[in-house]
Amino acid sequence: MNRQNFDKKMTEIIEGFGGGRRKLLLHACCAPCSSACLERLKDAFDITVFFYNPNIEDEEYFKRKSELCRFISETGWADILDCDHDTAEFYAAASGLEGCAEGGERCLACFRLRLERTAEEAAKGGFDYFGTTLTISPLKDADAINAIGEELERATGAKWLYSDFKKRGGYQRSLQLSREHRLYRQNYCGCIFSLRKD
């Protein structure tokens, strides 16, 4: 099977701007994952980070949000759009999928939930593109995430920014930036199911 090169697609989109800038609503899961993504995108986009993560329980959610706000404040690479936090939205999306293995159907439902909201906000807010930092993780399926983004572009009219941020050393750069900025790095995705010891 020929895997698509989503990093190349993103580069081609940006090159098509001809040096101009566009407005991007970027869904983010945490500061460490955001770090290298924002660094890569900051010269081509006016970025607003959208921290919508109903899959993350309250204490962990506010810890991650605080670190993301601190990182954005330190770098000036983006603005942040605050939103509601209702874990019931995640539990409704994950209903019946609680027993799925990590990386399976429950995770796809969670990706879709977060990206649907991002696409809706991007369309409503007049952003040129919407995207996500999720593809920087070696544990996340960039093919599946980009397929969801494509579907949502067709459904909402908001343009999807293809990505595979782990390419070109992206994940390693996020580790380096996390050390430089002393960012809190979690060791799980954020939902209680990912903490299970199977």
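The values are calculated or read from the model by the stated rules, or taken from the named source; none is laboratory data. Since we're looking at a predicted model, the values are computed, not measured. Neighbour counts run over all protein chains shown; Cβ positions are idealised from the backbone, glycine included. Protein only, heavy atoms only, side chains kept; ligands, DNA and RNA dropped before computing areas. Shrake-Rupley method; radii C 1.70, N 1.55, O 1.52, S 1.80 Å.
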Computed E for Leu81/Ala147 - FRET, C-beta separation, R0 30 angstrom, nearest 0.05:
0.75
The range 45-178 accessible area per residue, 1.4 Å probe, protein heavy atoms, integer Å², reads 43
Farthest toward the dipole's positive end in the chain, which of Ser66, Ile13, Asn187, given Cβ charges of +1 (Lys, Arg) and -1 (Asp, Glu) about the Cα centre?
Ile13
Quick one: pull the percentage of alpha-carbon pairs in the range 56-128 with a separation above 15 Å.
67
Once you sort the root eigenvalues of the Cα gyration tensor of the range 1-101 as a ≥ b ≥ c, which label holds: rounded (a/c under 1.5), prolate (a/b larger than b/c) or oblate (the other case)?
oblate
By the gyration tensor of its Cα atoms, with a ≥ b ≥ c the square roots of the eigenvalues, what is the shape of the range 98-178: rounded for a/c under 1.5, prolate for a/b over b/c, or oblate?
oblate
With a cut-off of 8 Å between alpha carbons and a minimum separation of six or more residues, what is the relative contact order of the range 55-198 in percent?
26
Take the alpha-carbon centre of the range 2-68, take the same for the range 86-161, and report the distance between them in whole Å.
13
The range 93-198: trypsin sites (Lys or Arg not before Pro) in DSSP coil with no more than 12 other Cβ atoms inside 10 Å:
Arg182, Arg196, Lys197
Give, in whole angstrom and from largest to smallest, the semi-axes √(5λ) of the equivalent ellipsoid of the range 46-91, with λ running over the eigenvalues of the Cα gyration tensor.
22, 12, 6
Indicate the gyration tensor shape class of the range 91-138 (rounded, prolate or oblate), computed on the Cα atoms with a ≥ b ≥ c the square roots of the eigenvalues: a/c under 1.5 is rounded; otherwise a/b larger than b/c is prolate and the rest oblate.
oblate
Could you size up the charge dipole of the chain around its Cα centre, putting +1 on the beta carbon of Lys and Arg and -1 on that of Asp and Glu, and report it in debye to the nearest 20?
700
Let me check the size of the chain from its C-alpha atoms; what are the radius of gyration and Dmax in Å?
15.8, 49
Theoretical ellipticity at 222 nm over the chain - DSSP helices of four or more residues, -39500 (n - 2.57) apiece, nearest 500
-15000 deg cm²/dmol
Size of charge dipole - the range 154-198 - debye, nearest 20, with Cβ of Lys, Arg +1 and Asp, Glu -1, no other charges
100
7 Å from Cα along Cα→Cβ at both Ser66 and His181: what's the point-to-point distance in nm?
1.7
Out of the range 1-83, which trypsin sites (Lys or Arg not before Pro) are coil in DSSP terms and have no more than 11 other C-beta atoms within 10 Å?
Arg3
Excluding ligands, DNA and RNA, the carbon-plus-sulfur percentage of the accessible area of the range 58-198 with a 1.4 Å probe reads 50
